[in-house]
Amino acid sequence: MTEYNGKTFGFTSEQLSRLRDLGAKAETLEAQFSGPLMRDANYRQTEQALVTAARSAIKEMLSTGGRPLVEVISETLCELLVSRGLIQVSTPIIMSRARLSRMVLESDPLFYSQVFWLDAKRCLRPMLAPHLYEYMLDLLKLAEGRPFGIFEVGPCFRKESKGSRHASEFTMLNLVEVGLPLDKRLDRLSELVEAILGRLGLKDWRHEEVGSTVYEKTIDIVSCDGLELASCSMGPHPLDEAWGFDGTWLGLGFGLERLAMAAANLDRVSLVSRTLGRIKGIPLKI
Ligand code: ATP
Ligand code: MG
């Protein structure tokens, strides 16, 4: 410290970018050193250790196989939900403007500026809910008063200003249960969240009540690091009218990349989102 009058030195932006790419943890990236020589020596050592770890992880996968964490989570949760009697559906990735506009006010500039439009009438779905509403309607007629649950897991698309927690392509798990008594919805919501997060070994999370452009009021599920894992809402709800839906429901929308980040203790969505040049978050160009 004396050498530079107590001034400390962090990694340079080039060093940071390389270390980030190799998957270094936040505490490594934030390290401070008493001088540039010491910093550069530490950088070389850290970089080499990460490269060696990446090489051996890839080598192992070449013989044992491997899958993206989001795919593993998707399969685990689909099995869990189907084993609890919910029906999985798989709806088109292309969504009509007419359906989306039943969920979001056309006048909402924020939301519309986030949608990838294919043409005047169709977009890449930014959410799963409009298609699930349609299934809710069809099944409500056939369920004869029995409660039922449906869910979908699949890609959603939103134009996001860059950030470490947002990807423009991400994977949503949206689940809806219809027909529960009004006073049972909240307990059931907590039970489902606990089952889903518990299945992934996630125990440290909290509820937060927030406003939402789509649902007016939602309950967010937030990790111990303040990462939004899911948003939940309940009906009867003002949106139901546009769909002609009349009944009680509860809905949960999880981001699977966010669940993967929380489960693997990662601070960047890019390590788990759809990508080229990475397997299980490990870079191939090393
Ligand atoms: P945020 O406030 O984090 O931007 P949101 O409230 O806009 O998210 P929702 O519409 O509630 O997102 O979507 C449900 C879930 O999908 C979120 O709780 C989050 O886990 C996930 N999610 C939403 N947008 C993204 C994104 N761009 N990248 C990764 N996950 C996302
Ligand atoms: Mg939300």
Keeping all protein chains in position, work out how much accessible area Asp246 exposes to a 1.4 Å probe, and write it in Å² to the nearest 10. 130 Å²
Kindly express, to the nearest 10 degrees and within the range 0 to 90, the angle between helix 185-199's C-alpha long axis and the longest C-alpha principal axis of the chain. 40 degrees
Could you please report the charge total around Ser164, scoring K, R as +1 and D, E as -1 over all other residues with beta-carbon less than 10 angstrom from its beta-carbon? +3
Given all pairs of distinct Cα atoms, the chain yields a Kirkwood Rh in Å of 21.3 Å
Given a 1.4 angstrom probe, I'd like the percentage of the accessible area of the chain that is carbon and sulfur, rounded to a whole number. 53 percent
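Convert 25 °C to kelvin, take the viscosity as 0.890 mPa s, use the Kirkwood radius over C-alpha pairs of the stretch 1-109 as Rh, and evaluate the Stokes-Einstein diffusion coefficient in µm²/s, rounded to a whole number.
Answer from the Stokes-Einstein relation: 127 µm²/s.
Going highest first, how would you order 41-51, 190-200 by mean Cβ packing within 10 Å?
190-200, 41-51
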Surface accessible to a 1.4 Å probe, per residue, for the residues of the stretch 80-197, Å²: 52 Å²
Can you work out the accessible area per residue across the stretch 1-65, with the rest of the protein chains kept in place, probe 1.4 Å, in square angstrom? 67 Å²
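Regarding the stretch 77-138, what whole-number volume in Å³ per residue does the convex hull of its Cα atoms give?
About 102 Å³ per residue, rounded to a whole number.
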Descending packing, highest mean Cβ count within 10 Å first, for 173-179, 8-14 is 173-179, 8-14
Net charge, Lys285 excluded, C-beta distance under 13 Å - Lys, Arg +1, Asp, Glu -1: +2
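The values are calculated or read from the model by the stated rules, or taken from the named source; none is laboratory data. What you see is a predicted model, and the numbers here were worked out from it, not measured in a lab. Note that we place each Cβ from the backbone using ideal geometry, even for glycine, and neighbour counts take in every protein chain shown. With ligands, DNA and RNA removed, areas are computed over all heavy atoms of the protein, side chains included. Shrake-Rupley method; radii C 1.70, N 1.55, O 1.52, S 1.80 Å.
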